[in-house]
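Structure record follows, encoded as structure tokens.
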Amino acid sequence: MLALVLRRAVMSIVLVVVSTLAIFVLMSFVPGDPALTILGENATPEALERLREQLGLNRPLHEQYAEWLFGALRGDLGTSIFSGEPVAKLVWLRLGVTVSLMVGSTLVIAVVGIALGLLSAVREGWTGRLLDAVSLVGFALPGFWIGIVLVAMFAVAVRIFPATGYIPPTVSPGGWLASLVLPVTALSIAGITIVAKQMRDSARDALSRDYVRVLRATGIPERRILLLHVLRNAAVPTTTLLGLTAVSALSGAVFIENVFVPPGLGALVTSATLRHDLPIVLGVGVVFAIIVIVINLLVDIAYGVLNPKARVAR
Amino acid sequence: MSTAPATAAFATPPRRRIPGFAALFLRKPVAVGALVVLVLLVLAAVAAPLVAPYDPIVQDTSATRQGPSLAHLLGTDVLGRDLLSRIIWGARDSLGGVALAVVVMLAIAVPVGVTAAYVGGRVDRVIMSIVDVVMSVPNIIMTLAALAIFNNSMTAAMITVGVLASAAFSRIFRSAVLATRRELFVSAATVMGLRPLQIMVRHALPHAGGVVLVQASLFAAATLGIQTGLAFLSFGPPPPAPTWGGMVADASKVLATHPWMFIPTGGVIAIATLALGLLGDGIRDANAERFTAPTRVRGLEQNRAAVDEVVPAAEEPLLAVRDLTIGFGDRGALTVVDSVSFDIAPGEVVGLVGESGSGKTVTALALLGLLGGSGRVTGGSIRFDGRELAGDRKAFAEVRGSGIAYVSQEPMTALDPTVRVGAQLIEAVRHHDGCSRAVARRRALELLEAVRIREPERVLRSYPHEISGGMAQRVVIARALAGRPRLLIADEPTTALDVTVQAEVLALLRSVQRDTGMAIVFVTHDWGVVAETCERALVMYAGQLVESAGIDDLISRPRHPYTRALLASDPHGARRGELLPTIGGTVPSPADWPVGCRFAARCPLAVDACRRAPIALVDLGAERTSRCIRIDALVAEEKGATA
């Protein structure tokens, strides 16, 4: 297990370096002058020169990158071109919102998806057909579209949950949960259907296994077989899938945060992109990469706990 | 799906020509419909200037925010622009972007995946390490970075999406090609001296092509979500240029007052996404069917044999089975076990013998109410200890484990691989005894000692994969004993074990039987097991009981030609240097059972009368029965052989 964590750590450093380096390399391919692209045709020569200096565009690429990387290692992600604020501070302030959304939607996907999948594995007929129908809808409709419908429904028709905005848990834990309900719902629908379908297949596979027949022959009640043995065996592939849905919830948050306007990293990076504020894009990129790394690590650990064979093999 | 066990075990699917990929695909109306929708969308986008009824950016202030009408089929937006025309023109941006990303993805992923699979070794490892890293890169951020750097260019964003996705798809294509490498024709091509590149291009690629098509359409569906999402966030072509995502954003601003606009703009995205997804599903199914032709269970009416006489038992039976009939398939239409009757007395050890396909395992599982798949008891009665079980789920649930227990053939798959041995034993003990964990643990240790496991503490802590097959079978037996059953059904309990372990497990079962006085039904094809352990044996053939007798009588004086043939082909009785006799032909599958004697086709003694009508079980006295009308000829041959 320790070796696994170490290997992951090394891979993670490689990953952060590779993804940020890629952005730097891309920047060098920009046709024409990046400073001109960023500031636009009307910029004064002084402003252009200042920006080139600030971005280090006058120096070779590897120097620029090395400087940024060593800064990042000290926790300095540079400053926003647009507002001049430190990127690290901007990112830190908004991290909680996006992590709340991601963790919340992963939990919802896990609980609802697994329950639905298990249910439709044992109940043929309408449960399965309903799941298939909902899956098609969840697959076809983009999350941001579903999000807008939710906003419209809850902003106009019924006002149970706040349609937009975000309340930090430090202000009001109840308000925090209520403000998460709609964005988490919009973020979770696609994931729920994917996990439910996978769970149904895995549970059916487990139910057809020899050990289930022998457990039944031993007299173990069906409910216990389902909730302990089948669930545990189906959990192994489902965990891997949950890791993937958590990562895609992170991408989804970028879109969803522009619908429900909680002040998260997704909203930050979108506005920064529209303003060509690259230090912020890079900074959010680093944070996203770290979150992905943590998710993968958690999946590996969960996999080891759930699958005794994997524990021995590694 | 649900009929698979029946066909696998009992019917040989008829060989038929497997149709080509295109033919299989065209049989799927949903997938074909999806393809038609996509083609229409693409054609509309290409021919936008010809098909769009209005200019997409011309505003008509006299006709703003309209619902659908003849003039504007999908209505108009806030500025009075025709929505249908904007959707048609917007398809260029959305579908064009998706197509670009797919082309970029395929251009990288196919060569990389195929190379990794074919070259293998170090190249493969290096490629896969790079793929691992790229797969973990947060795609959305890289795409946004590309937008920031390349001045909101949707082209740059879509190329980035394609490049980043190529990592994951390289991995998928690599496994697809690796799978085809194992196919026979590729090794044949290697033997014929084709160079690896030739093999790759001519054979492996077309074979893995189905996978590529499926993945490409699913990736296109996902990319359409990203593309429209980015346009929704106002990346890409600036207004007033029409984009699908941008139109959703426009519509969302007036959603509360003019909800209609939201329907066609989101609807076209949903339709295109759905079409891509369903197309992928269709290709996948068609591709899968190319390699596994569908089989169908034929629901033939069975020719029922004459009602059989009951096999008498000496004592009050513990288990009384009468005319047990089991069917598979739709409403049990395909009979696989036909009017089987027998008794098991308390403490009796009985063999249930037959070849694969004789119905012996299905009969055994029916006694536990555990017929898998579409199997069901379609007639007859199963009385255990005076209580009717057939058709009564609750009664079965109460009897299982405590009345009738079960030991299966393959010990390594009989235990849940994710749960420790101890937990599985304790679970069974607690279910039957309703005791505390501590008490259950003590009893679990006793059970392990009872099945002669030397280090019970260590085994309790082990996972199933950490113990040997023989040990696992002892654990399975120990768990079967947890409910103190009065009848144990052992389905080929030693077949999967090493020869030395086989003898130990048999000895164990015998001694447990002596100690507990429970009855055992041994389901087996092994005469050695029968001779060593059973007092009596029931021989099954093609779903019927064909002979039953005390074990010594049966082995020395079989009274059914099938029993005789089965005994003769047993390797235990073979003499050194002599050819082992085999029974010609195979057990007929349930759909092909003849009207008369089912063994007639393989029987050296068969005459016309055998084939004419169903043969009834004949009581031969001395607790023997046989389903044969040629017993005289059999006895004559036996006398001739011994004389």
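Since every read-out is calculated from the coordinates, none of them should be taken as a lab result. Because the structure is predicted, anything quoted here is derived from the model rather than measured. Every residue, glycine as well, gets a Cβ built from its backbone with ideal geometry; the counts of neighbours run over all protein chains shown.
Taking the protein assembly as shown, the Cys residues with no second Cys beta-carbon under 4.7 angstrom are B:Cys435, B:Cys534, B:Cys603, B:Cys628. Within straight-line reach of A:Lys89, meaning a Cα separation under 14 Å, sit the following aspartates and glutamates at least 8 residues removed in sequence or on another chain: A:Asp76. Straight-line cross-link partners of A:Lys197 among the aspartates and glutamates, defined as a Cα under 20 Å from its Cα and at least 8 positions apart when in the same chain: A:Glu124, A:Asp132, A:Asp205, B:Asp281, B:Asp285. Under a 5 Å amide H cut-off, with hydrogens placed 1.01 Å from N, B:Thr378 pairs with B:Thr325, B:Ile326, B:Gly327 among residues at least 5 apart or on other chains. Compute the angle between helix B:139-149 and the longest alpha-carbon principal axis of chain B, please, reported from 0 to 90 degrees and rounded to the nearest 10. The two axes meet at around 10 degrees. Helix B:499-516 and the longest principal axis of the C-alpha atoms of chain B enclose an angle of approximately 70°.
For chain A, the relative contact order works out to 25 percent when only alpha carbon pairs closer than 8 Å and six or more residues apart are counted.
Which FRET efficiency value, to the nearest 0.05, do you get for B:Cys435 and B:Ala641 by plugging their Cβ-Cβ distance into 1/(1 + (r/R0)^6) with R0 = 56 Å? Write down the numbers at each step before the final one.
Details: r = 59 Å, r/R0 = 1.06.
For R0 = 56 Å, the calculated efficiency reads 0.40.
Given axes a ≥ b ≥ c from the Cα gyration tensor, I'd like to know whether chain B is rounded (a/c under 1.5), prolate (a/b larger than b/c) or oblate. Prolate, because a/c is 1.5 or more and a/b exceeds b/c. For region A:117-130, 3J(HN,Hα) computed residue by residue from phi via the Karplus equation (6.51, -1.76, 1.60; θ = phi - 60°) reads x, 5, 4, 6, 6, 8, 10, 5, x, 5, 4, x, 5, 4 Hz, glycine and proline entered as x. Using Cβ point charges alone (K and R +1, D and E -1), the dipole size of chain B about the Cα centre works out to roughly 1260 debye.
Using the Stokes-Einstein relation with a Kirkwood hydrodynamic radius computed over Cα pairs, the translational diffusion coefficient of the protein assembly as shown at 10 °C and a viscosity of 1.306 mPa s comes to 48 µm²/s.
Among B:Ala34, A:Leu21, A:Gly113, which residue has its Cα positioned farthest towards the positive end of the charge dipole of the protein assembly as shown, with +1 placed on the Cβ of Lys and Arg, -1 on the Cβ of Asp and Glu, and the dipole taken about the Cα centre? Final value for the positive-end residue is A:Leu21. Where does helix B:29-46 land angle-wise versus the long Cα axis of chain B, in degrees 0 to 90, nearest 10? Value to nearest ten degrees: 10. Placing unit charges on the Cβ atoms of the charged side chains and taking the dipole of region A:91-275 about its Cα centre, the candidate lying farthest along the positive direction among A:Leu131, A:Trp92, A:Val259 is A:Leu131.
About the centre of its Cα atoms, chain A shows a dipole size close to 1660 debye [charges on the beta carbon of Lys, Arg (+1) and Asp, Glu (-1) only; nearest 20 debye]. Taking θ as phi - 60° and the Karplus parameters 6.51, -1.76 and 1.60, the scalar couplings of region A:285-290 work out to x, 4, 5, 4, 4, 5 Hz in sequence order, x denoting glycine and proline.
Let me know the charge dipole size of region B:495-643 about its Cα centre in debye, to the nearest 20, where only the beta-carbon of Lys, Arg (+1) and Asp, Glu (-1) is charged. Present the calculation step by step, with values, prior to reporting the outcome.
On the way: 16 positive and 18 negative charges, 94 e Å.
Computed charge dipole of region B:495-643: roughly 460 debye.
When B:Thr155, A:Thr273, B:Thr228, A:Thr238 are arranged by Cβ crowding within 10 Å, least crowded first, meaning fewest neighbours, the order is B:Thr155, A:Thr238, A:Thr273, B:Thr228.
Close amide H contacts of B:Val523 (hydrogens built in the peptide plane, cut-off under 5 Å, sequence separation of 5 or more or a different chain): B:Leu352, B:Ala490, B:Asp491, B:Glu492.
Relative to one another, the C-alpha centroids of region B:106-126 and region A:187-217 are positioned 33 Å apart. Decide, for region A:91-275, between rounded, prolate and oblate: order the square roots of the alpha carbon gyration tensor eigenvalues as a ≥ b ≥ c, take rounded if a/c falls under 1.5, and otherwise choose prolate if a/b is larger than b/c, else oblate. Since a/c reaches 1.5 and a/b is larger than b/c, the shape of region A:91-275 is classed as prolate. Treating each Cα of region A:70-142 as an identical point scatterer and ignoring solvent, apply the Debye formula and state log10 I(q)/I(0) at q = 0.11, 0.16, 0.20, 0.24 Å⁻¹. Taken in order of the listed q values, log10 I(q)/I(0) reads -0.55, -0.73, -0.91, -1.08. Computed from backbone phi with θ = phi - 60° and the Karplus coefficients 6.51, -1.76 and 1.60, the 3J(HN,Hα) list for region B:519-534 is 8, 10, 10, 8, 8, 7, 10, 9, 5, x, 4, 4, 5, 6, 10, 9 Hz; x is used for glycine and proline. What shape does region B:466-537 take by its C-alpha gyration tensor, where a ≥ b ≥ c are the square roots of the eigenvalues and a/c under 1.5 counts as rounded, a/b above b/c as prolate, and the rest as oblate? It comes out oblate by the Cα gyration axes. The mean number of partner chain beta-carbon atoms within 10 angstrom of a residue's beta-carbon across peptide B:152-161 is 1. Amide H contacts under 5 Å for B:Val618: B:Ser626, B:Arg627, B:Cys628, restricted to partners 5 or more places along the chain or on a different chain, H placed in the peptide plane at 1.01 Å from N.
Were the residues from A:Arg59 through A:Leu21 laid out at 0.36 nm apart, the gain over their Cα-Cα distance would be 12.1 nm. Residue by residue along A:11-23, Cβ atoms of other protein chains within 10 Å of the local Cβ number 4 on average. Contact order for chain B, expressed relative to its length and based on alpha carbon pairs under 8 Å spaced 6+ residues apart, stands at 13 percent.
At a Förster radius of 45 Å, what calculated FRET efficiency corresponds to the Cβ-Cβ distance of B:Glu504 and A:Val305, to the nearest 0.05? Walk me through the numbers before you get to the answer.
On the way: r = 35 Å, r/R0 = 0.78.
It comes out at approximately 0.80.
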